[in-house]
Structures are given as structure tokens and as C-alpha cells.
Amino acid sequence: MKLVFPNGEHPQVLLSHGVNRIGRSAEGAVVLSVDGVLERHCEIHVTGTGANLQVPDGGGEVSVNGKPVADIMALRAGDTIGIGPVQARFMVVEAARAVPASAAAAAAADEEDTGATRVRMAVPKYLLRGVSGAVFGKVFPVQGPVVIGRAAEADIPVAADEISRRHALVKPTQDGVSVEDLGSSNGTYINGKRVQQGFLKPGDELRLDAVRFILVAPGMEMAQQATRLAKPGDAAAPAASGGMSKWVPIMLTAAAIVVIVALVLSRG
């Protein structure tokens, strides 16, 4: 992952795992000595599942794709980040692979950053599928910390009056998704139980007042379908066909007897 500064305020920066501080401070990962940028303006947290932008206490004005960020927001490849007056582009770079020496030499000539960076979108480990209300039929990837709320700048905006502007925060983990209620008026529920903090496993229901989601892990539904197709009751079909097969010789013998009797009678 890296930050690219199209207006040249800073060279491109490869983001490291963990906290990357941005501001005027010389101790930051990105030092911007520009009017309007504070000592500790903002931070980008890089994890194994993605990255999120956070404005610390006392931080400066930050936006993502033109929308102000008050606290925390997950970043996606291609997002434009406004750091005070400075514009940066967040990019996910495909890991380098070994190439033949001749190809490497040719590629060296094109090493200059032209903006045509190869970007890949990581397959999300978890998805929230809307099953009611304003989110019915919609699917939302959970690749990093995601805020759900009525506000337009929420990562998952829900146009419903019953939802608070910043209703709940969900974060992917190794085994599922953690859930935190952000002080909502009408509550956050997991499988019908109201929670302040909780945990979603694939197949569990997340309800924000009357708006409901189901947590889905890619491949889970295919496995469930295979399980349904392999139910013990399905074994009855082969048994039935086997039972039918034992009658076939008897029926053929009976038909042969009928033909023989008919011939005898016709000769008589």
C-alpha cells in the first residue's frame, strides 16, 4: 500500500504495517511542511486485512473522496485523501514477482511513476448482506473497520430514520466480525440480543433497529448447499430404483408367457 501525491508536495510513500503518522512532525511517516497541516494531522493504520484513516484528538481537517472524516474510515484502493490543503491518492500495489533478467531490464526503463499503477482489489473475507429495509438485496464488503450509519459519509450509509448517524462499527477478525455500538438511540442487536460490544460469526444476524444484515463468508453458502444436497433422505432414490430393478425380470418372463400362449391358441 502506498500514498501518491499528484501535486508533488511529497514523494510517494510505501505504508508500513501498523501506524503511519502524517503531519508536520519530523517523526511522522509522511512529513508535510505545508501551511494548514498540523504536527499530527492524521494517521493511517495498516493491518493484515486493509487500512483505515483515523483523525486523532487534536488532528486536522481530513476528507476522503471529498467527504469530511471526523473519526475513522476504511480506505479503498483509489481513494483521494485530503490532508488539509494537500491531496494524496491511496493505492494498493500488487506484490512484486520474480521476472527474467531481460524483462527486468526492460521494466527498469519504465520505473518512473506515470500514475498507471497496477491495482488489485482484495477479495473480502466477509460480506454483510442486507435482508430488510433500505439495505434489502445489497451486499457490503467488510475489509477493514466499517462504520454503519445514516450519515452520508458512513462507510455503509443507510437511509433510514431509525438509524443513528454513526450507529455501529464492525471490524473483521480471523474468525468473524467484531461489533461495537457507537451510542445509537435504538440499539444494536446480534441474533435478537441487544449488545454494546459483540461478535458476528458467518450466518449470524446483525440488526440495527429494524434494518437487518446477515454476515456471509465467501464459499459458506456453497458449502451449505452441498450439505443440503447430501441429506440422508436423498439415499431413498437409489433404493427405490434398486427395488424397481428386481421386478424387471419378472415382468419380462410374464410377457414371454403371454406371447407363447397366444401362439399356441392361434395354432389350435
log10 I(q)/I(0) for the stretch 137-211, Debye formula on C-alpha points only (no solvent), q = 0.28 Å⁻¹, two decimals, reads -1.55
I need the calculated FRET efficiency for the pair residue 19 and residue 174, taking r as the beta carbon distance and R₀ as 25 Å, to the nearest 0.05. 0.75
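Rounded, prolate or oblate, given the Cα gyration tensor of the stretch 1-99, with a/c below 1.5 counting as rounded?
Numbers: a/c = 1.60, a/b = 1.42, b/c = 1.13.
Because a/c hits 1.5 or more and a/b exceeds b/c, the stretch 1-99 counts as prolate.
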Which of the peptides 64-70, 198-204, 19-25 is most tightly packed, and how do the rest follow, going by the mean number of other Cβ atoms within 10 Å of each residue? 19-25, 198-204, 64-70
Rounded to whole Hz, the Karplus (6.51, -1.76, 1.60) HN-Hα couplings of the stretch 173-178, x for glycine and proline: 10, 5, 10, x, 10, 7
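Each value in this text was obtained by applying a stated rule to the coordinates, not by laboratory testing. Only a predicted model underlies this, so the values are computations on that prediction, with no experimental measurement involved. So basically every Cβ, Gly included, is an ideal-geometry build from the backbone, and we count neighbours across all protein chains shown.
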